[in-house]
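To start, the structure under review is shown below, and the notes come after it.
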Amino acid sequence: MLVASLALVGLTTFFVPLLVRYLGRFTGYPLAVVFLASAALLLVDSPEVMSGETIVQSWQWVAAFDVQFTLRLNGLALLFAMLVLGVGALVLSYAPQYLDPSYEVGRLYTVLNLFAAAMLGIVLSGDLILLLVFWEVTTLCSFLLVAGNGTAGAWAATRALVITGIGGLSLFGAVVLLAVKTQTTDIATVFAVAPERLTTTDLAIIGPLIVLAAFTKSAQLPFHFWLPGAMVAITPVSAYLHAATLVKAGIYLLLLFSPLFLDMPAWNLTLMTFGLATAVFGAFQALRQRDLKSLLAYSTVSQLGTMVALVGVGTSAALAAAALLVAAHALFKATLFMLVGIVDREAGSRDLAELSGLWRAMPITAALTGLAAMSMAGLPPLVGFVAKEEAFYSFLDTPQASWTAGQEWTGIVAAAIAVLGAALTFAYSARIFGGVFFGPLTQRKLYEPSWLFLAPAFVPAVAGLVLGVAPGLLNGIIDRTTVDVGFAMVQSDLSLWHGFSTALILSIIAITLGSILHFRRRWVMRWLGEEPPTPIAPLIFDRIWYGTLRFGAKVGRSAHTTSVGVHLFGVGVLLLGLAIIGFVVIPGAGGGLPAMIPGSAQPVDIAILALLVPAVVFLARTRSAIAALVLAGFVGLIIAVWLLLLGAPDVALTLLLVEFLTVVVAAPVLSRLPVHRDIGRSTTAAISAIVVGVVSGLAVWAFTGRREASDLSEYFLAEAEELTGGTNVVNTILVDFRGLDTLGEVTVLFAAALGLLAATAVTIRARQDAVTEVLGAGERAVLRVGARVVIPLLFIAALVLFWRGHDEPGGGFIAGLVAGAAVAVASIAGISLRIPSAFALLASGLAIALASAFIGPLVGGAALEPIKVDVPVVGSLTSSLIFDLGVLLIVVGLVRAALERLDGLGMDDEDASEDGSGDDAPSATNQATGVAS
Amino acid sequence: MNIDIAFLSTWALPLVFLGPLIAAVITFVLGASAVSRFIGLLVPLGVFAVSIALVIATMDGQVVVSQIAGWPGGVAIAFVGDLFSALMLGVSSLLVFTSMVFSYAAGLGIDRWFVPAVLVMTGGVYGAYVTADLFNLFVMVEVALLPSYILMSRRGTLTALRAARLYLIVNLTASTLFLAGLGAVYGVTGTVNMAALAGLGVLPVVGVATGVVVIALSLKAALVPTHSWLPATYPYTSPAVTALFSGLLTKIGVYALVRIISLVYEPGQLVTVIVVLACVASMVIGVLGALGEGTIRGVLTFHMISQVGYILVGVVLAGAVGLAAVVFYLIHHTIVKTSLFLTGGTVEHEEGTGIIKRLGGLARAHPVASLAFLLAALSLTGIPPFSGFWAKLGVLNAAADAGSVLVFAAALIVSVGTLGSMLKLGSGVFWGTPKGMREEEDEETPSDVTVGPETVGATGVAIDVATAVEAPPVTRWRPLLVIPGLALALISLGIGLYPEWLLALSDTAGQSLSEPTAYVTAVLGGGS
């Protein structure tokens, strides 16, 4: 029935919106019934659990991490599950009466129900990962409920989420470590194998993580402040999450894992120190509040502290007392929250200074409040008294625990602090009751609320009384819980009357002291300060929060500059580091540099360098953009010559043409830019450039000349002609062997051209003016005559280069560049050419290149495979020629697009009307229609 | 299921690259028409279909190879569909599809050049995911980048152009460096076939030469210390483009780093230490930067840096376990980050600004966008039951397995920052006081806290929301703007609720990455 119980609550979440549609705020009632049904399903299993069995249900869940969806029901789980479902049912049957009819309840009920399922999941989880999942879901639900629908809760919810989020991550860490170290995520197995697989060091890391998770969830110092902050949530939420259940998850976690850590004094000492400190601190703060919800919140903080301290004592009796206190606290604190909500609704205030004498108007409310407050104060015959007695007894017995080594003072100190806490608790409990219900009645027209409103508070208040009178009812479950947290079965004997024990004497002291504190309140408050204190912890949180944001802004400052140097600095550092590493690790002569290959340096290299170095120096020093461009072209030219001398005619030719076209395209653009006379020459840039140059040079030296020609080179040289029918191995690599790379590169050119077409040519109004800036009228006339001769020659050359490309230097790319040169010459000379537009060239070029890729697959080969066909007259042709034609067209298209867009030259009106109409239009859309036509 | 491997190898794999290009030509000619836009959606769907077929074909560790142009293995450029590539194809085509829907809703579809540019870009991205040739990878990256320069500057504002200039220079630097590294690798090994390079990193000279490529790719992936360009550029273009870029472009860098590092280097080399340090630095610096940013996309972009650290750290941790974590995290992150960018983009589009200070309380006006943000933010933070939880679990698991205290602690502590920055966005944009109701204040000054503590009250208690009467919500949302982000967030939730299948796939992919024998044999061992 275990899974049915969880599934019932969990799946109901999906139906809440539907219920809300028909029932509105009354949806709480059916949900309460669901909770009770779920509890009943669990109770079916309870006889077995009470007889000492643990019920386990397990399914495969995430095999990758070996995580099972395991549910487990033992005494500890049963106790908590009953609280979750029982208090849940009460709060949900309270909410309909509490909520304003206009309140948006859909979200509230959905999240509340989801929370209940997740909380139930936590206590039923038999798997670490599953536990973690449910844990995080409760955090999230708490956040959503505190944040509410509006603005008031946002910041409090944020604080709460950060604090509990830290705890969640901490638990995450603990869970992963446990899983990795024990090789299992099954909680029972973890405990079984812990002694052999978990070292003390492991536990010393895992322990603090679990403690952090529990302390944040259960609002222990110094993380306590989120809980009073969370009181902005509506009262049903406060009653359910922030009093009865959610905050107990931390206690549950400590109880669950305490068997692992009972022998570690640091664990016990930490829990006791922080727990008792929190207990006293919380109680003091509660005493000083005027707002009833704040008071109850601090009271919860205090009580949680006591529970943590009890877990810290580490004896079986103390753990039993902690479990008992969990139950007692859930009963009286939920009651009090609900009653405060009632008072708030009826009297319109939660401020102790404004409330008085409600006894007369609302006697039943007063009586119930009295019962709950007495339980909280630890007065007999209520369950709170029994729990407190057990707590005192356990604290006194601290020396019995293994970790204290029998030092008597530990018990005395712990009990003394606990008595102080109890006295303060008595005082503020008395104040709630006395402050609200005694004194003169100042408000008129106050009535007892309807019994429907009161009933949910009535049940736990009376339950507290029944269990107080007959605490023996709890013996079984408490005993079973003790076994679950790692102790041998003991027979508890919970009872109202233990005779005149030490614990009773301590109780009497606490009550006496508490009475003094209450009745001499004025005196106490003079010492404590009359006004509720401003909590410091949230302010510290805010300071850290905003400090972190500011620090983050500082860290991210580099992202707010567009200075290139800043952004490339890191790369430079990495490369320099790599160079150093290379120098160290690469074996060989000269710290990583291979020996010089004899004959690789030629006398002509000196001549080349003699031209290259001054050109680069002038290039770096010139202030004229045009001069820089020309010099850059010159440098390219020299390198092309160098490449030619090294025996790479195809590469040299390509480079030469690219350099030429670059100058032609860029010159008119640059000529229109203002000359920056004030460009500073940066020493940093110079140094960087030299370092980059030296490192690059060394890298080339280091990485080349280490081997003979590669297998691949040998293969190409030996086989290319046979395989492709082409004798120019460079071209066969480009179009046959690595046609895909070429296809990619021409796609890049296509995209570049697309970018040029897309750029609305806004600046090119006075296109003819640009020409006159570069060339005089006379020069232009000469050029025109020359051009008429040169252009046809260039086109013929392009055709020849294209055709022979497979066998001799040339090919589609080079031919395209030559044809592009013709277009460029025409452009400079102002001659209009009757060739297709850039747009048409590009589209057809890429289409042809892509189409040729599919010839292979269509005839049963591979994509881009060159297919040979024997044509009668011309001989053997391959489909790579088609591909190369596509390349050619794209290259010409790019050159054309560049000239049109960047120079705005060489286009007569006819061309402009065809595809340049966008020049006049501001937007790309208009241009689009122009081109599409 | 029966998948025709021959069909995949002959048609489907090459089409992953060629298909988008064909579509690019068609849409280039058609211009801004409904048909173009439809094609823009059809292509990612087609690639998604191919990726599913590939996943099915490769989920048992098999490798599908297409030796382009039919040359023998080692000579030809090989397109390879292994599980990692197949998953990346799937997730990126999914993102392209959702981002395209968003782009159209945001009005970018009327730009005549938008669809062809995106198609060319995505063709390059898909190609990069399947190529097994280092030089071809360079080419594919270029194919993806050039259209991105266009898209980056298309917004036309001065800030966008400034950012585009920086973007261009940084990426050209990275490309140059990539090319130089390729030269070095070829210089020392005589091959650029990735399979042929497997394991060669143990030779110091190859290790260092490959190091140049790794640095170039780190710059593209924005790993610390080469990260700062990313938040200086991404937030300044249009939101749809940022979403596309975040899901595609930096991810190529990340993908290539995973592939190359796992293939070339062996565990325990010096590179391990360097990568771990860079990743941890990325986690920390990225999240701090995110906390300090003042715009939605600024926060999200800095986050990418942090998350790249989370993704890549597994490459050098704990072998197959770490690599499985990498694969899962990469997929999760790509989905969730795109979702956040899309939702953030919706806000920017509808409200006209992404500056957090000028926004607030949008939960009422944009309930669906708020929900999408909440879900995605939770996933990013790693809260169950979202995919981010399993992703983080994978990283922590790998770190604990490898005994790396540094990574383990960093992964946990940085998560607090992730949570914080998501809360900053959440409380600054979606909850809190709507704009106009809040005084203009300098966000960095503590006085800004008025949104919180003072109204909430130092006593910790304030208005009981139950009785607060609030104005009826003004619901205003355009479905097509909001749904893409929400859909991705829901996918993350779906993965989180039933993570088994993706974890199992990641496991297999991680195994293959850590033991690449099948990959190497497939690529080098003869024809298709």
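Some notes on this structure:
- Conditions (1) under 22 Å from the mean Cα position of the chain (by Cα); (2) more than 9 Å from every other protein chain (Cβ to nearest Cβ); (3) closer than 30 Å to B:Leu524 by Cβ; number of the one not met by B:Leu182: (1)
- Number of positions in the stretch B:114-137 that are crowded, with 24+ Cβ neighbours inside 10 Å and more than 19 Å from B:Ser262 (Cβ to Cβ): 14
- Scan of the stretch B:182-212 for residues that are assigned to a helix (DSSP H, G or I) and within 23 Å of B:Gly73 (Cα to Cα), ordered by number: B:Leu182, B:Gly183, B:Ala184, B:Val185, B:Tyr186, B:Gly187, B:Val188, B:Thr189, B:Leu200, B:Gly201, B:Val206, B:Thr210
- A residue that is more than 28 Å from A:Leu78 (Cβ to Cβ) and in contact with a helix residue (DSSP H, G or I) (Cβ under 6 Å, 6 or more places away or on another chain) occurs nowhere in the stretch A:182-195.
- Test for A:Leu295: is it at pLDDT below 95 and in contact with a Phe, Trp or Tyr (Cβ under 7 Å, 6 or more places away or on another chain): yes
- Applying the condition of being surrounded by 24 or more Cβ atoms within 10 Å (Cβ to Cβ) and facing another protein chain (nearest Cβ under 7 Å) to the stretch A:153-164 and asking which residue is modelled with the highest pLDDT yields A:Leu161.
- So B:Gly294, is it within 14 Å of another protein chain (Cβ to nearest Cβ) and not polar (S, T, N, Q): yes
- Residue in the stretch B:330-353 that is over 22 Å from the mean Cα position of the chain (by Cα), of a type in the set (Lys, Arg), away from every other protein chain (no Cβ under 14 Å) and part of a helix (DSSP H, G or I) present: no
- Among the residues of the stretch A:167-206, the one identified as over 24 Å from A:Leu71 (Cα atoms) and surrounded by 19 or more Cβ atoms within 10 Å (Cβ to Cβ) is A:Leu203.
- Qualifying residue in the stretch B:107-130 (condition: more than 18 Å from B:Ala240 (Cβ to Cβ), more than 9 Å from every other protein chain (Cβ to nearest Cβ), touching a strand residue (DSSP E or B) at 6+ places or on another chain (Cβ under 7 Å) and outside any helix (DSSP H, G or I)): no
- Residue check, B:Pro499 within 14 Å of B:Ile335 (Cα to Cα) and at pLDDT 90 or above: no
- Single condition A:Val782 does not satisfy, out of (1) modelled with pLDDT under 85; (2) within 14 Å of chain B (Cβ to nearest Cβ); (3) part of a helix (DSSP H, G or I): (2)
- Selected residue [farther than 15 Å from A:Thr306 by Cβ, at pLDDT 90 or above, surrounded by 23 or more Cβ atoms within 10 Å (Cβ to Cβ) and in the same structural domain as A:Gly434 (by TED's automatic domain parsing)] from A:Ala391, A:Ala387, A:Ala377, A:Ala373: A:Ala373
- Single residue of A:Ala625, A:Ala652, A:Ala648 found to be among the small types (Gly, Ala, Ser), at pLDDT below 90 and farther than 23 Å from A:Leu756 by Cα: A:Ala648
- The numbered conditions (1) of a type outside the set (A, V, I, L, M); (2) free of Cβ contacts under 8 Å to residues at least 40 places away in the same chain; (3) under 18 Å from A:Gly378 (Cα atoms) are all true for A:Asn475 except (3).
- On inspection, A:Leu473 does not qualify as surrounded by 21 or more Cβ atoms within 10 Å (Cβ to Cβ), assigned by TED's automatic domain parsing to the domain that holds A:Val326 and outside any loop (DSSP other than H, G, I, E, B).
- With respect to (1) of a type in the set (A, V, I, L, M); (2) under 23 Å from B:Ser514 (Cα atoms); (3) within 9 Å of chain A (Cβ to nearest Cβ), the lone exception for B:Ile413 is condition (2).
- Within the stretch A:568-624, the set of residues being in contact with a Phe, Trp or Tyr (Cβ under 7 Å, 6 or more places away or on another chain) and touching a residue at least 12 places away in the same chain (Cβ under 8 Å) comprises A:Gly592, A:Leu593, A:Ile608, A:Ala615.
- Residue selected from the stretch A:534-549 under the condition more than 7 Å from chain B (Cβ to nearest Cβ) and buried (at least 17 other Cβ atoms within 10 Å of the Cβ), by the criterion farthest from B:Gly289 (Cα to Cα): A:Ala537
- Any hit, the stretch A:495-516, residues being part of a loop (DSSP other than H, G, I, E, B), modelled with pLDDT of 85 or more and surrounded by fewer than 16 Cβ atoms within 10 Å (Cβ to Cβ): no
- Of B:Gly352, B:Gly344, B:Gly319, all but one fail to be surrounded by fewer than 24 Cβ atoms within 10 Å (Cβ to Cβ) and closer than 30 Å to B:Leu219 by Cα; the exception is B:Gly319.
- Of all residues assigned to the stretch B:54-68, at least one qualifies as being within 14 Å of chain A (Cβ to nearest Cβ), β-branched (Val, Ile, Thr) and either under 24 Å from the mean Cα position of the chain (by Cα) or part of a strand (DSSP E or B) (or both).
- On the stretch given as the stretch A:641-651, residues that are surrounded by fewer than 20 Cβ atoms within 10 Å (Cβ to Cβ) and either of a type in the set (Asp, Glu) or closer than 16 Å to A:Val818 by Cα (or both) total 2.
- Residues that are in a helix (DSSP H, G or I) and not aliphatic (A, V, I, L, M) within the stretch A:544-563 comprise A:Trp545, A:Tyr546, A:Gly547, A:Thr548, A:Arg550, A:Phe551, A:Gly552, A:Lys554, A:Gly556, A:Arg557, A:Ser558, A:His560, listed in sequence order.
- Residues of the stretch A:693-703 satisfying the condition of being free of Cβ contacts under 8 Å to residues at least 60 places away in the same chain and either within 12 Å of another protein chain (Cβ to nearest Cβ) or surrounded by 14 or more Cβ atoms within 10 Å (Cβ to Cβ) (or both): A:Ser696, A:Gly697, A:Val700, A:Phe703
- Residue in the stretch B:69-81 that is part of a helix (DSSP H, G or I), closer than 26 Å to A:Gly860 by Cα, modelled with pLDDT of 90 or more and within 11 Å of another protein chain (Cβ to nearest Cβ) present: no
- Selection of the stretch A:1-19 for residues being crowded, with 21+ Cβ neighbours inside 10 Å and within 17 Å of A:Val91 (Cα to Cα) yields A:Val9, A:Thr12, A:Val16.
- Among the conditions (1) surrounded by 13 or more Cβ atoms within 10 Å (Cβ to Cβ); (2) more than 17 Å from B:Gly190 (Cβ to Cβ); (3) modelled with pLDDT of 85 or more; (4) not small (Gly, Ala, Ser), the only one that A:Ile690 does not satisfy is (1).
The values are calculated or read from the model by the stated rules, or taken from the named source; none is laboratory data. Every value quoted in this text rests on a predicted model; they were computed, and no experiment measured them. Note: ideal-geometry Cβ built from the backbone for every residue, glycine included; neighbour counts use all protein chains shown.
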